[in-house]
Amino acid sequence: MAQDGARRGLAGVDAAARRLGLSPGMSAAHAQALVPGLHLVPADPEAEAQALARLGLWCQRYAPIVALDPPDGLVIDITGAAHLHGGEAPLLADLAARLERSGITARLALADTPGCAWGLARFGAGGIVPPGGAADALAALPVAGLRLGSEAVRALQDVGLTRIGQLADKPRAALRLRFGPEILFRLDRALGREPEPLTALAAPETPRVALRFAEPVGARESLEGVVADLCARLVPELERRGLGARRLDLVFARVDRLDQAIRIGTARPSRDARHLARLLAERLPLVDPGFGIEEAVLAASRVEPLAERQISHGATHLVAGPQAPDLAALVDTLLVRLGAARVYRLAPVESDLPERAVRRVPALAAPLGAVWPADLPRPARLLAPPEPVMAMAEIPDAPPLFFVWRNTRHQIARADGPERVLGEWWVADAEADLARDYYRVETEAGERFWLFRDAPMAANGRWWLHGLGEA
Amino acid sequence: MPPPRSSAAPTLAELRRLTESAGGAAGAAGPDAAPTLPFGVAGLDAALPGGGLALGALHQIHEGGPRGRYAATAVLFAGGILARLDGPVLWCLHSRDLFAPALARVGLHPDRVVYCETWRDAEVLPAMEEGLRHRGLAGVVGELTRMALTPSRRLQLAAEGSGVTALVVHRLCAGEAAEPEPSAARTRWRVAPAPPEGIDRRMDRRLGRPRWRLELQRCRGGAPGGWIVEACDAQGRLAIPAVLADRPAAPERVLRRAVR
């Protein structure tokens, strides 16, 4: 409930109130008449703004540039950061799931421009607009989706212009003359014809260093120098606080205020200026310096305590054994280059199904010590999914005499088996009656294959090739 | 002026040393002092300079036989070499079909291997080079379809600089010629499955230890040759087949192909 002069009105309603027919903008008296015993809470715009800012800072986990769009919006510029979360769709899904878990109702949209995403989140279905699809995505939305003031919206509606698509093909000069410059300006921003600078939110306690340049810089080499310089300045700051960087955000302020940001993550907290500079330099090709860069700000947006470790270097070497301590530098570089999901170690899973015998663990996880059972020979290459083959066996449950795979006939000289593998009914119901008989076979030429029959021969079991080569 | 006949032998030895150290870039330690990893198979080690596989160098492994696309034997051969070294291993994957339990069975513990998914040759090569710059690694494996001369030089130089061993496992594309391109690799191997010999097939249809036909096709400062060996055991060691071990059979010579 908000006080606006003498009038008391509803500023916001929760889901239960919405079901009762209440909506923001209603007068308090009207609402109380509709719903007897309505619980009204005085609005606290200041606390709301603070909460929005806190949420914005939290959203920096996704991308370095997060801007507030008061009273109830956030703009996240995910350019160059989506790959760290596995792409745009997984990023959006992750954000939605986390917001929902913390009880925040949110509408999310991802588009080329902040304006387009704004309109879709508030007036459209949300979701992801493919690059270049802003005009199509906006066409069906009401004109209010252009971030226009209420007078402008009313003026447009008066002449029957209700959808954004109708505006797009009207002569620009006439629109400007009739409604002033605002509508065209908003339309151009939403369609990406006009740049839209964002004012990035900054957490007060984040370790941060900045460099301002007398002359705009743009050359790749000078940017590399800037990166090295910033890292060298950030490290003493981290050292003083006993922190190591897990994530670094580097924002280049361009002359035209279209900020360019790059973000890197490290697998372990790091305070090594050279290492951090190298990781950032990996992403520099993504930066478009435009007409030049005026200022560069480097912030450690995620930090973890990091004690003095340099002295105990030798000791960790002894304890860690084969896991050499400097593996972190290599893993970080590969993570930054390839994305987080593409660098990992593999660990055993106690499962008889070969497809499930392996799981991924972080590349720098502590050694697990576990190995697959040594007495079960396994192929070097596993076909996923298994490929059907034609095979012939003399008697039931005997290894096949030959099999035909991809139009090639392989005569089997020697074989071993069967190894019975049963489905894991506790994982999926469909596996309750899965039973595979695996045979290791060797052809006349000495090639080894791994075949299985998916049911006993009497039950018309079919043959599949699951692996090649053997150890 | 021709040198006096008495000093011909030392001059020849000196020349050979010079050419060898010129081949290896910095040549700080010289080829004799460079660490090697013996295979433990007499004929094989004798054919390699230094009595084993040179560490801190690039080695190419091709898959012989018709299943070159999968390079299943070559992968196990590479795994067996790394199993006998200490330290973590970077494995640059070309597709998702590598089955880690098989590597564990040739002695490469899963805790030691960091995999990175590099789907294209263009991603594999920089990732390998990155790994080769980190001295803590035992080795770097890259699965490649083809490698031109220049990238092979880069990998060889990086391996020499850090002492990390680089193994390239070649995966043939369908329809691609099996004839390898020139490269700066120290050795080139061809591994293919081989049928067991000396066993009466009708009597015994059970599987024994797999056998490989191992060919050293090119080796700088060494002698190419071919051997029938028993596949890597749980410690990554090759062995001479028991039937052949008793006989002093000379290793069969392989026709040396023209390289470069």
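Per-structure values
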read-out	value
Search result, residues across segment A:122-150 that are within 20 Å of A:Ala63 (Cα to Cα) and either buried (at least 21 other Cβ atoms within 10 Å of the Cβ) or touching a helix residue (DSSP H, G or I) at 6+ places or on another chain (Cβ under 8 Å) (or both)	A:Gly126, A:Gly127, A:Ile128, A:Val129
Scan of segment A:100-121 for residues that are within 21 Å of A:Glu196 (Cβ to Cβ) and touching a residue at least 40 places away in the same chain (Cβ under 8 Å), ordered by number	A:Asp112, A:Thr113, A:Pro114, A:Gly115, A:Cys116, A:Ala117, A:Trp118, A:Gly119, A:Ala121
Answer from A:Ile293, A:Ile183 - the residue that is under 30 Å from A:Cys116 (Cβ atoms), crowded, with 21+ Cβ neighbours inside 10 Å and within 28 Å of the chain's Cα centre (by Cα)	A:Ile293
Residues within segment A:398-411 that are outside any strand (DSSP E or B), free of Cβ contacts under 8 Å to residues at least 24 places away in the same chain and either facing chain B (nearest Cβ under 10 Å) or at negative phi (or both), tallied	1
Number of positions in segment A:344-388 that are of a type in the set (D, E, K, R) and more than 9 Å from chain B (Cβ to nearest Cβ)	7
Selection count where residues are at pLDDT 85 or above and facing chain A (nearest Cβ under 9 Å), scope segment B:195-232	7
Filter result (over 19 Å from A:Leu298 (Cβ atoms) and out of contact with any Pro (no Cβ under 9 Å at 6 or more places or on another chain)) within segment A:46-69	A:Glu46, A:Ala47, A:Gln50, A:Ala51, A:Ala53, A:Arg54, A:Leu55, A:Gly56, A:Trp58, A:Cys59, A:Leu68
Selection from segment A:187-222 of residues that are without any contact (Cβ under 8 Å) to a residue 24 or more places away in the chain and under 30 Å from A:Asp169 (Cβ atoms)	A:Asp188, A:Arg193, A:Glu194
Qualifying residue in segment A:436-453 (condition: among the hydroxyl-bearing types (Ser, Thr, Tyr), more than 12 Å from chain B (Cβ to nearest Cβ) and either part of a loop (DSSP other than H, G, I, E, B) or surrounded by 14 or more Cβ atoms within 10 Å (Cβ to Cβ) (or both))	yes
B:Leu98 touching a His at 6+ places or on another chain (Cβ under 9 Å) and under 23 Å from A:Val371 (Cβ atoms)	no
Segment A:378-397: number of residues that are in a loop (DSSP other than H, G, I, E, B) and at pLDDT 90 or above	3
Helices (runs of 4 or more DSSP H) wholly inside segment A:101-186 that include at least 2 residues being over 25 Å from A:Asp77 (Cβ atoms)	A:150-158, A:164-168, A:172-179
Filtered residues of segment B:148-162 (kept if away from chain A (no Cβ under 13 Å) and touching a residue at least 12 places away in the same chain (Cβ under 8 Å))	B:Ala148, B:Leu149, B:Pro151, B:Ser152, B:Arg153, B:Arg154, B:Leu155, B:Gln156, B:Leu157, B:Ala159, B:Glu160, B:Gly161
Residue that is surrounded by the fewest Cβ atoms within 10 Å (Cβ to Cβ) [pool: residues in segment A:353-375 that are touching a Phe, Trp or Tyr at 6+ places or on another chain (Cβ under 9 Å) and of a type in the set (Val, Ile, Thr)]	A:Val361
Selected residue (only one of A:Ala341, A:Ala393, A:Ala380 is touching a residue at least 40 places away in the same chain (Cβ under 8 Å) and closer than 30 Å to A:Pro285 by Cβ)	A:Ala341
Qualifying residue in segment B:245-255 (condition: surrounded by fewer than 18 Cβ atoms within 10 Å (Cβ to Cβ), modelled with pLDDT under 90 and not in a loop (DSSP other than H, G, I, E, B))	yes
Count of residues meeting criterion [in a helix (DSSP H, G or I), closer than 21 Å to A:Ala267 by Cβ and more than 9 Å from every other protein chain (Cβ to nearest Cβ)] in segment B:125-147	3
Pairs where the first residue, in segment A:149-165, is outside the structural domain of A:Gly119 (by TED's automatic domain parsing) and the second is exposed (fewer than 13 other Cβ atoms within 10 Å of the Cβ) and not hydroxyl-bearing (Ser, Thr, Tyr), C-beta under 6 Å, 6+ apart	none
Test result for B:Gly50, surrounded by fewer than 24 Cβ atoms within 10 Å (Cβ to Cβ), more than 8 Å from chain A (Cβ to nearest Cβ) and either at positive phi or not in a helix (DSSP H, G or I) (or both)	yes
Single unsatisfied condition, A:Ala432 versus (1) within 23 Å of A:Glu447 (Cβ to Cβ); (2) away from every other protein chain (no Cβ under 14 Å); (3) not basic (Lys, Arg)	(1)
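Yes/no per residue for (1) in a helix (DSSP H, G or I); (2) modelled with pLDDT of 90 or more; (3) not acidic (Asp, Glu); (4) not assigned by TED's automatic domain parsing to the domain that holds A:Ala63:
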{"site": "A:Glu196", "(1), (2), (3), (4)": "no, no, no, yes"}
{"site": "A:Thr199", "(1), (2), (3), (4)": "no, no, yes, yes"}
{"site": "A:Ala202", "(1), (2), (3), (4)": "no, no, yes, yes"}
{"site": "A:Ala228", "(1), (2), (3), (4)": "yes, yes, yes, yes"}
{"site": "A:Arg233", "(1), (2), (3), (4)": "yes, yes, yes, yes"}
{"site": "A:Leu248", "(1), (2), (3), (4)": "no, yes, yes, yes"}
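So that you can scan it fast, the table gives a plain yes or no per residue for (1) surrounded by fewer than 21 Cβ atoms within 10 Å (Cβ to Cβ); (2) at the interface with chain A (Cβ under 8 Å from one of its Cβ atoms); (3) modelled with pLDDT of 90 or more:
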residue: B:His62; (1), (2), (3): no, no, yes
residue: B:Arg69; (1), (2), (3): yes, no, no
residue: B:Val75; (1), (2), (3): no, yes, yes
residue: B:Gly80; (1), (2), (3): no, no, yes
residue: B:Val89; (1), (2), (3): no, no, yes
residue: B:Cys92; (1), (2), (3): no, no, yes
residue: B:Phe99; (1), (2), (3): no, yes, yes
residue: B:Leu103; (1), (2), (3): no, yes, yes
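Residue-by-condition table, conditions (1) touching a residue at least 24 places away in the same chain (Cβ under 8 Å); (2) assigned to a helix (DSSP H, G or I); (3) surrounded by fewer than 14 Cβ atoms within 10 Å (Cβ to Cβ); (4) at positive phi:
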residue: A:Ser23; (1), (2), (3), (4): no, no, yes, no
residue: A:Ala29; (1), (2), (3), (4): no, yes, yes, no
residue: A:Pro36; (1), (2), (3), (4): no, no, yes, no
residue: A:Leu40; (1), (2), (3), (4): yes, no, yes, no
residue: A:Ala51; (1), (2), (3), (4): no, yes, yes, no
residue: A:Arg61; (1), (2), (3), (4): yes, no, no, no
residue: A:Pro71; (1), (2), (3), (4): yes, no, yes, no
residue: A:Thr79; (1), (2), (3), (4): yes, no, no, no
residue: A:Arg98; (1), (2), (3), (4): no, yes, no, no
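The values are calculated or read from the model by the stated rules, or taken from the named source; none is laboratory data. These numbers were taken from a predicted model, which means no experiment stands behind them. Virtual Cβ from ideal backbone geometry, glycine too; neighbours counted across all protein chains shown.
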